[in-house]
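K.L.:
Please find one structure pasted underneath; my questions will follow.
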Amino acid sequence: MAVSYLKRETSPQQTIFNKEDWSSAYCNVEKELDHAQLKLVKGSIPEQISGTFYRNGPGRLERGGRWVHHPFDGDGMIAAFKFDNGKINLTNRFVRTKEWTEEEKSQKFLYRGVFGTQKEGGVLANAFDVRLKNIANTHVIKLGDDLLALWEASSPYSLNPNTLETKGLSNLKGVLKKGEAFSAHPRFDPGHHQSQRMVTFGVSTGPKSTIRLMEFSTEGENIGSLLSDRKDSFNGFAFLHDFAITPNWAIFLQNAISFNPLPFLLGQKGAAQCLASKSDGTPKFLLIPRDSGKFAGQPPKSVDAPKGFVFHHLNAWEDNEKINIESIFYDDFPSIGPEDNFREIDFDLLPEGILKRSEINPIENTFTCSTISNQCCEFAMVNPHFEGLKARFSWMATAEEKEGNGPLQAIKKIDLSNNKEISWSAAPRGFVSEPIFIPSQESKSEEDNGWVVALVWNSIRSGTDLIILDSKDLTEKAILEVPISIPHGLHGSWVEN
Ligand code: CO
């Protein structure tokens, strides 16, 4: 059992979480701060860490007494934690999307959310209103002079990386058409083809789906410019939240899922509530040759994939002609139905995320799949210098218990060469968000040399803590109190100074 930093005072033996503690994180972010110092409550901040931890997630969950139906419908709020000489300060801003600005003015939800949030006035007021609200809440990355707040169904919003002031919707120097979909999960190629680059995609879906695969320069004079661009169409509906890269391939997993838009059109459900797993469908790996790789220009390959539903992949690498990919599998698409309250969900009724490795043989059109760990997990990453290579170490958020579903309360490091693992735990009263690996100077040669940073919801004081762990052994380096309360969030990134 891992040591926890938030022990329950009344019953030290108890490790099981309390659902009110977990749901107490769902609150509106009330303040926007500029360079506010964080209060150190334990340890010291390693002075070698110099850069900014950017993090995105829903920050507005209630308006005028009405709650969003699902936290994923909450407006994007960017937090920038700047590490500077052993101190950390926070600047945070809501992304000034067109819709956020309008709703802020009227203090009402004026738009439907993809995950089921409805406007006032019942079904009639919602029927046939198919406008999508770009809530810019899923991920935040820096590309050149732009900080991009990402939301996969539309184009990114650009912000000033220092002040977090919203500049507006970005078409990435004319690359994107108006409102074009742009994934919230870019991958960063650390230099498999001389220079570093960002590889990402956009999907337009329907009975036939098209993936646009794009590579952008992330260094030198042409930073932010498009290096390659290809489009491939596939049969069937595709819900593609994430993908993985190797030097030669972009790898997608097309889940066996169907989309019935009728309840959405009729105002009964959000668009994402109309997704359902197809028990008779066959999921597919879609392998698209990268233009920078040795199969450039060749057609994509489609290979059968394991059953289950995947949002996130960990990493992928090539082993001669075979491709390995590690992914977090759910038994089914987890959805919060129109009658459910997301703050009262029964974790036992929802499928848990299980980390598995698939070995794909594109020549023989076969795959094998093995489980890496049975512990419920999410938000896994490798050292970014090893993206697309056979990485040995991974860090991720996990439930406290070794089996079954539960909220994310611990941070785990797995040695992928032997599946040995160690954990740091915030249970029973702390709840972790996505852990981010911060590479040290030595981390190019010594893969697990660095730190892990994450936000933790500290339900004892109803506030957010920022924790810094040693990435080798997960010992606590520092715990700091964040001056605002931040709900359970989505993705973030580390930008070195
Ligand atoms: Co994601």
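K.L.:
Looking at F333, is it in contact with a Gly (Cβ under 6 Å, 6 or more places away or on another chain) and more than 21 Å from W317 (Cα to Cα)?
P.N.:
Working: in contact with a Gly (Cβ under 6 Å, 6 or more places away or on another chain): no; more than 21 Å from W317 (Cα to Cα): yes.
No; evaluated as a whole, the condition is false for this residue.
K.L.:
Kindly evaluate W457 against the criterion of being more than 16 Å from the ligand (Cβ to nearest atom), farther than 22 Å from F94 by Cβ, of a type outside the set (K, R) and at pLDDT 95 or above.
P.N.:
no
K.L.:
I need a count of the residues in region 194-211 that are under 20 Å from G388 (Cβ atoms) and either surrounded by 14 or more Cβ atoms within 10 Å (Cβ to Cβ) or of a type in the set (G, A, S) (or both).
P.N.:
8
K.L.:
Sticking with this structure for a sec: Being at pLDDT 95 or above and among the small types (G, A, S), is that true of even one residue in region 114-136?
P.N.:
Checking region 114-136: at least one residue is at pLDDT 95 or above and among the small types (G, A, S).
K.L.:
So, one more: When the residues of region 175-193 are filtered to those that are more than 16 Å from the ligand (Cβ to nearest atom), in contact (Cβ under 8 Å) with a residue 40 or more places away in the chain and outside any loop (DSSP other than H, G, I, E, B), which remaining residue is least open to solvent (accessible area, probe 1.4 Å)?
P.N.:
D189
K.L.:
Right, here's the next one. If you check S417, S445, S493, S423, which single one turns out to be open to solvent by 10 Å² or more (accessible area, probe 1.4 Å) and within 30 Å of D348 (Cβ to Cβ)?
P.N.:
S423
K.L.:
Residues in region 46-70 that are polar (S, T, N, Q) and open to solvent by less than 10 Å² (accessible area, probe 1.4 Å): how many?
P.N.:
Matching residues across region 46-70 total 1.
K.L.:
Here's something else I'd like to know. Just checking, how many residues over region 318-356 are in a strand (DSSP E or B) and among the β-branched types (V, I, T)?
P.N.:
So the answer is 4.
K.L.:
I need the full set of residues from region 457-487 which are within 15 Å of L408 (Cα to Cα) and either in contact with a His (Cβ under 8 Å, 6 or more places away or on another chain) or surrounded by fewer than 21 Cβ atoms within 10 Å (Cβ to Cβ) (or both), in order please.
P.N.:
W457
K.L.:
When you scan region 216-233, do you find a residue that is within 22 Å of P334 (Cα to Cα) and in contact (Cβ under 8 Å) with a residue 40 or more places away in the chain, even just one?
P.N.:
Within region 216-233, none of the residues are within 22 Å of P334 (Cα to Cα) and in contact (Cβ under 8 Å) with a residue 40 or more places away in the chain.
Matching residues to (1) in contact with a Ser or Thr (Cβ under 6 Å, 6 or more places away or on another chain); (2) within 16 Å of the ligand (Cβ to nearest atom); (3) on the phi < 0 side of the Ramachandran plot:
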site: S445; (1), (2), (3): no, no, yes
site: L466; (1), (2), (3): no, no, yes
site: K472; (1), (2), (3): no, no, yes
site: E476; (1), (2), (3): no, no, yes
site: V482; (1), (2), (3): yes, no, yes
site: G492; (1), (2), (3): no, yes, yes
site: V495; (1), (2), (3): yes, no, yes
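K.L.:
Does A305 satisfy the criteria of being crowded, with 18+ Cβ neighbours inside 10 Å and either within 16 Å of the ligand (Cβ to nearest atom) or of a type in the set (V, I, T) (or both)?
P.N.:
The answer is no for A305.
To keep it simple, each residue is scored yes or no on (1) among the polar types (S, T, N, Q); (2) over 19 Å from I211 (Cβ atoms); (3) within 19 Å of the chain's Cα centre (by Cα); (4) within 15 Å of the ligand (Cβ to nearest atom).
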| position | (1), (2), (3), (4) |
| --- | --- |
| D129 | no, yes, no, no |
| A136 | no, yes, yes, yes |
| H139 | no, no, yes, yes |
| S155 | yes, no, yes, no |
| T163 | yes, yes, no, no |
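K.L.:
Does region 260-267 contain at least one residue that is over 25 Å from T368 (Cα atoms), among the polar types (S, T, N, Q) and in contact with a helix residue (DSSP H, G or I) (Cβ under 7 Å, 6 or more places away or on another chain)?
P.N.:
yes
K.L.:
I'm told F115 meets every condition in (1) assigned to a loop (DSSP other than H, G, I, E, B); (2) more than 16 Å from the ligand (Cβ to nearest atom); (3) open to solvent by 20 Å² or more (accessible area, probe 1.4 Å) except one. Can you identify the failing condition by its number?
P.N.:
Only one criterion is unmet by F115, namely (2).
K.L.:
Now for a separate question. Scan region 486-497 and report the pairs whose first residue is closer than 16 Å to P407 by Cα and whose second residue is within 11 Å of the ligand (Cβ to nearest atom) and modelled with pLDDT under 95, with Cβ atoms within less than 9 Å and a gap of 6+ or a chain change.
P.N.:
Listed by first residue and then by second, the contacts come to L490/F72.
K.L.:
Another question, then. Pairs, please: C-beta under 6 Å, at least 6 apart or cross-chain, first residue in a loop (DSSP other than H, G, I, E, B) and in region 126-143, second among the small types (G, A, S) and within 14 Å of the ligand (Cβ to nearest atom)?
P.N.:
Every condition considered, the pairs that remain are L132/A153; I135/G76; A136/G76; A136/A149; N137/G76; T138/A184.
The values are calculated or read from the model by the stated rules, or taken from the named source; none is laboratory data. Remember, predicted model here, so these are calculated numbers, not experimental data. All Cβ positions, even for glycine, are placed from backbone atoms using ideal geometry, and neighbour counts span all protein chains on display. To get the accessible areas, we keep the full protein, side chains included, count just its heavy atoms, and leave off ligands, DNA and RNA. Shrake-Rupley method; radii C 1.70, N 1.55, O 1.52, S 1.80 Å.
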